[in-house]
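The structure under discussion appears below in the form of structure tokens.
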Amino acid sequence: MKSREAVLLSAIAIPRLTSALDNGIGLKPHMGWSSWNVAQCNAASAQYALATADKFVSLGLKDLGYEYINIDDCWSTKSRDSAGRLVPDPAKWPNGVKAVTDRIHNMGLKFGLYGCAGDKTCAGYPGSEGHEKSDVAQLVSWGVDFWKYDNCYTPCRQNPRPQTCTSPAGSTKTWYAPMRDAILSVQNTRKLHFNLCNWGRDEVWTWGATYGHSWRYAIPLKKKNRMSVDNWGDWASVERIGSAAAGIHQYSGPGGFNDLDMLYLGSPKLSVDQERLHFGLWAITKSPLVLGLDLEKISNSTLTIIRNKGLIDINQDSLGRPATTFRPPGAPAPVGGKIYPYWAGPLSDGVVIGLCAGTSVGTYSVNFKDVPGLGGSGSYAWKEMYTGQTGNGAGVSFNINLHDMRVIKVTTA
Ligand code: GLA
């Protein structure tokens, strides 16, 4: 018999909304790199973008599907020009942005930039409020493919507006809509991936698909304004963001994915075991896989993780359905904020099972009959993606180090 959760899980209809930006973009979680976790403002340069593009090719990342080179905050000068245009910082973009996008496109890759719905970006550069149409026209003229849109210095009951408003003057929808509309209006010329970064405010997962292609969320922290903070590259961040993915899986799918935030593999605060869980959980929950590290300095162990083709294939599966938690018979109930051991999700040719030693080292076992999407008494072929182990049978069992993970693909097709 299936557990109650398994029955519930398979019975859930997906309440996905039709995307207004249904333009063929974002049908799979996007994969790439972002400058922010590398060196914050200092990495928002042409030099980083081009060096990373070269590394995408030489390290084989491009062939694995890593595609977007995204420059985050601090790429422009601190003020607009006299015509109201954003100005790429000449020290960081000596030949402008277009020279870089051209080169990146010629390599078969894509290029992203960062903006903000408020009057300034989080680091204090010009925001796009009131300039949505003309800023999008600039992005189009440069050949930009991706636009991350942040939520700093947005309308606020506090005066002057603080960087991070704790008492917003309205719903974030109000200030994300004009940019969505501006992007919609250029769709026939250039299709942009619109990445909402409102930190989960206003339960963005419930409406994000009608505004963009992916949305940062984080857990509704039990704080006054129900927003959350970034991935800080430590275990607490992996735990906080990863555990929350289970509760909102049903909102995520082709054309509009929950974005668990940029990966922080390579962070000195994470062990190799923790890096495996970080990458594995982001992969099976169909989060975008956006590297946040300096590829010139990557360790062999991190490289092995980010080049795991089995995991990437699971993340990029055409079904685009995130894994979520299930509770096998006898297993303890999930604990809020902690990473539950048992995860599963459908794939176009099978089921993925995630086993996470999020809270204790030990032996983790599952019988396939207890896994949503499997069931029955069948014997299945399986493969574990980190160890490469394969087998046939009615279940699997692994000894897992604290904070490590095993990802098992069970084939049914
Ligand atoms: C916010 C976002 C981060 C990053 C910075 C840039 O904190 O959540 O991802 O873009 O702004 O200033």
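The values are calculated or read from the model by the stated rules, or taken from the named source; none is laboratory data. Being a predicted model, the structure only gives us computed values, none of them experimental. Using ideal geometry, Cβ is built from the backbone for each residue, glycine included, and neighbour counts are taken over all protein chains shown. Areas reflect the complete protein model, heavy atoms only, side chains present, ligands, DNA and RNA absent. Shrake-Rupley method; radii C 1.70, N 1.55, O 1.52, S 1.80 Å.
A few comments on the model shown:
- Of the residues H213, H105, H30, the one that moves most in a GNM of the chain with alpha-carbon contacts below 10 Å is H105.
- Taking a ≥ b ≥ c as the square roots of the eigenvalues of the Cα gyration tensor, the stretch 263-335 is classed as oblate, since a/c reaches at least 1.5 and a/b does not exceed b/c.
- Angstrom value of the Kirkwood radius, inverse mean 1/r, which spans all Cα pairs in the chain: 21.7
- Within the listed set S167, S252, S34, the residue fluctuating most in the Gaussian network model of the chain (springs between alpha-carbon atoms under 10 angstrom) is S167.
- For the chain, the longest principal axis of the C-alpha atoms and the axis of helix 272-284 are separated by about 80°.
- Cα-based shape type of the stretch 157-211, given that a ≥ b ≥ c are square roots of the gyration tensor eigenvalues and the cut on a/c is 1.5: prolate
- For the stretch 32-145, the solvent-accessible area with a 1.4 angstrom probe is 38 square angstrom per residue.
- Mean projected area of the Cα convex hull of the stretch 116-231, taken over all directions, amounts to 7.0 nm².
- Cβ-based net charge around G60, under 11 Å, with every Lys or Arg adding one and every Asp or Glu removing one: +3
- Think of each Lys and Arg Cβ as +1 and each Asp and Glu Cβ as -1; about the Cα centre, that makes the dipole of the stretch 264-320 roughly 40 debye.
- Across the accessible surface of the chain, with the other protein chains kept in place and a 1.4 Å probe, carbon and sulfur atoms take up 51 percent.
- In a simple Cβ point-charge model (Lys, Arg +1; Asp, Glu -1; nothing else charged), the stretch 270-360 has a dipole of about 220 debye relative to its Cα centre.
- ³J(HN,Hα), Karplus 6.51/-1.76/1.60, whole Hz, each residue of the stretch 117-130, x for Gly, Pro: 6, x, 8, 9, 6, 4, 8, x, 8, x, x, 9, 4, x
- Neighbourhood charge, 13 Å Cβ-Cβ cut-off, centred on M405 and excluding it, Lys, Arg +1 and Asp, Glu -1: -3
- 3J(HN,Hα) from dihedral phi, the stretch 395-402, Karplus parametrisation 6.51/-1.76/1.60, rounded to Hz, x for glycine, proline: x, 9, 8, 9, 7, 10, 5, 4
- Applying the Kirkwood pairwise sum to the alpha-carbon positions of the stretch 197-340 produces a hydrodynamic radius of 15.6 angstrom.
- When only the Cβ of Lys, Arg, Asp and Glu is charged (+1, +1, -1, -1), the dipole of the stretch 89-194 relative to its Cα centre reaches about 160 debye.
- Lone cysteines, the chain (no partner Cβ under 4.7 Å): C116, C197, C356
- Its convex hull of Cα atoms gives the stretch 80-133 a direction-averaged projected area, equal to a quarter of the hull surface, of 4.6 nm².
- Other residues within the sphere of radius under 13 Å centred on the Cβ of H278, judged by their own Cβ, net out at -3 (K and R +1, D and E -1).
- Per residue, the stretch 309-366 exposes 35 Å² of accessible surface when a 1.4 Å probe is rolled over the protein heavy atoms with every protein chain present.
- 5 angstrom amide H check on C116, placed H, neighbours 5+ away: S128, D150
- Counting only protein chain heavy atoms and rolling a 1.4 Å probe, the accessible areas of E296, E132, E384 rank, largest first, as E296, E132, E384.
- The chain: most fluctuating residue of M262, M179, M385 per GNM, C-alpha cutoff 10 Å: M385
- Long-range HN-HN contacts of C156 with modeled amide H, under 5 Å: A169
- Along the stretch 41-47 the Karplus relation, 6.51 cos²θ - 1.76 cosθ + 1.60 evaluated at θ = phi - 60°, assigns HN-Hα couplings of 4, 5, 9, 8, 10, 4, 4 Hz to successive residues, with x for each Gly and Pro.
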